[in-house]
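Only one structure is covered here, and it is reproduced in the block below.
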Amino acid sequence: MEARRPVTTAKLRKMKEDRVPISVITAYDYPSAMLAEQAGIDAILVGDSLGNVVLGYDSTIPVTLEDMIYHTKAVTRAAKTSFVIADMPFMTYHGSVDQTLRNAARLMQEGLAKALKLEGGAEIVPAVQALTQAGIPVMAHIGLTPQSIHQIGGYKVQGKSSAQAEKLLEDAKALEQAGAFAIVLELVTDELAAHLTQTLSIPTIGIGAGASCDGQVLVFHDLLGYAADIHPKRFVKTYAHIGEAIRNGIRQYVDEVKGRSFPAQEHAFHMEDEVAASLYGGGGSSAQAEPASAEEKRVKEPAGQRE
Ligand code: KIV
């Protein structure tokens with residue numbers, strides 16, 4: 001099979017033009033990014049949802065720039081063709097333009113992200129302009145913006161009233177004008193998302209924003225049922241139940257350790273019979289099973305597992 005070419009901002013825009021849906025998933029570490037890459041995902045978002053689903057916080061607000069750099073590094077080591085976008089965390093783009101650029105530079109140079117995502121509307125236009133002028137692709141994020149959760153007052157659908165919908169339309173246009181290459185629409189009405197998708201020339205990526213967006217993004221742990229305490233969300237479809245599989249696997253391991261059925265003979269390593277005999281009088285160290293002859297052991301233990 002022909003190797004996939006790396007996804008770029010130009011490719012994402014072309015996908016919108018050609019009406020090819022864009023698939024995005026969040027990831028926060030090397031194995032999940034590798035699995036997403038192998039599954040053919042277009043883009044990976046190192047979201048600050050990291051705070052909720054990996055670090056155990058109850059919002060994204062405690063997530064730091066250092067956290068984001070650390071996890072972005074792990075993701076970009078795995079994602080060779082998927083386009084990696086990293087979230088700028090809480091209050092890292094609200095100070096001076098200088099400070100915003102310095103923070104962004106760290107995510108790009110140390111994390112090796114290809115683009116950055118910022119939450120907010122018209123009020124973040126100066127930051128978006130400064131970043132895009134510095135050559136950093138920016139993904140905007142409007143609607144439900146979790147970094148402002150205390151101001152919004154809860155995880156509520158946005159854009160229901162005409163005033164809200166008009167404000168979001170103005171924000172989206174301003175962000176496109178400022179140079180954003182794409183925009184996340186989180187928890188907004190289907191009707192507004194459809195209108196924004198038609199109006200904007202940049203791709204819209206929806207989460208809880210209906211089917212008319214140019215692409216969709218879901219949080220890794222939601223999509224795969226990978227959480228200790230998952231709260232069902234209406235806009236999420238769960239495609240696997242890996243949390244349950246992991247819990248069952250660990251439960252079986254606990255049972256087998258307690259019942260002494262793990263480790264079994266095939267997991268053990270042995271010394272030559274003569275060495276065992278000279279040291280321990282011929283019985284070997286395992287009280288559980290008859291020691292095999294040296295020849296049998298060589299056959300049973302694959303070369304890579306022999307000590
Ligand atoms: O942090 C995140 O995972 C996000 C997505 C929900 C879009 O911002």
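The values are calculated or read from the model by the stated rules, or taken from the named source; none is laboratory data. Bear in mind that the values here come from a model prediction, so they are computed numbers and not experimental data. Glycine also receives a Cβ, built like all others from the backbone with ideal geometry; neighbour counts cover every protein chain displayed. These area figures cover heavy atoms from the full protein model, side chains too; ligands, DNA and RNA do not enter into them. Shrake-Rupley method; radii C 1.70, N 1.55, O 1.52, S 1.80 Å.
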With Thr72, Thr81 as the choices, which residue is away from the ligand (no atom under 14 Å from the Cβ) and hydroxyl-bearing (Ser, Thr, Tyr)?
Thr81
What single numbered condition from (1) within 24 Å of Gln133 (Cβ to Cβ); (2) exposed (fewer than 15 other Cβ atoms within 10 Å of the Cβ); (3) of a type in the set (A, V, I, L, M, F, W, C) fails to hold for Ala3?
(1)
Of the residues in the range 206-222 that are over 14 Å from Arg234 (Cα atoms) and touching a residue at least 60 places away in the same chain (Cβ under 8 Å), the one that is farthest from the ligand (Cβ to nearest atom) is Asp214
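Residue-wise test of (1) within 13 Å of the ligand (Cβ to nearest atom); (2) at pLDDT 95 or above.
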position	(1), (2)
Ala86	yes, yes
Tyr93	no, yes
Asp98	no, yes
Ala113	no, yes
Leu118	yes, yes
Gly121	no, yes
Leu131	no, yes
Ala134	no, yes
Gln151	no, no
Here is a check on your reading of the model: is Gln177 assigned by TED's automatic domain parsing to the domain that holds Gly121 and either within 16 Å of the ligand (Cβ to nearest atom) or over 17 Å from Gln129 (Cα atoms) (or both)?
no
Qualifying residue in the range 35-44 (condition: more than 16 Å from the ligand (Cβ to nearest atom) and either closer than 26 Å to Val125 by Cβ or among the small types (Gly, Ala, Ser) (or both)):
yes
Check Tyr253, Tyr239 and return the single one that is touching a Leu at 6+ places or on another chain (Cβ under 6 Å), at pLDDT 95 or above, more than 16 Å from the ligand (Cβ to nearest atom) and not aliphatic (A, V, I, L, M).
Tyr239
Which of the residues that make up the range 26-35 are open to solvent by 10 Å² or more (accessible area, probe 1.4 Å) and of a type in the set (A, V, I, L, M)?
Met34, Leu35
Going by the structure shown, is Asp48 more than 23 Å from Ala130 (Cα to Cα), acidic (Asp, Glu) and touching a residue at least 12 places away in the same chain (Cβ under 8 Å)?
no
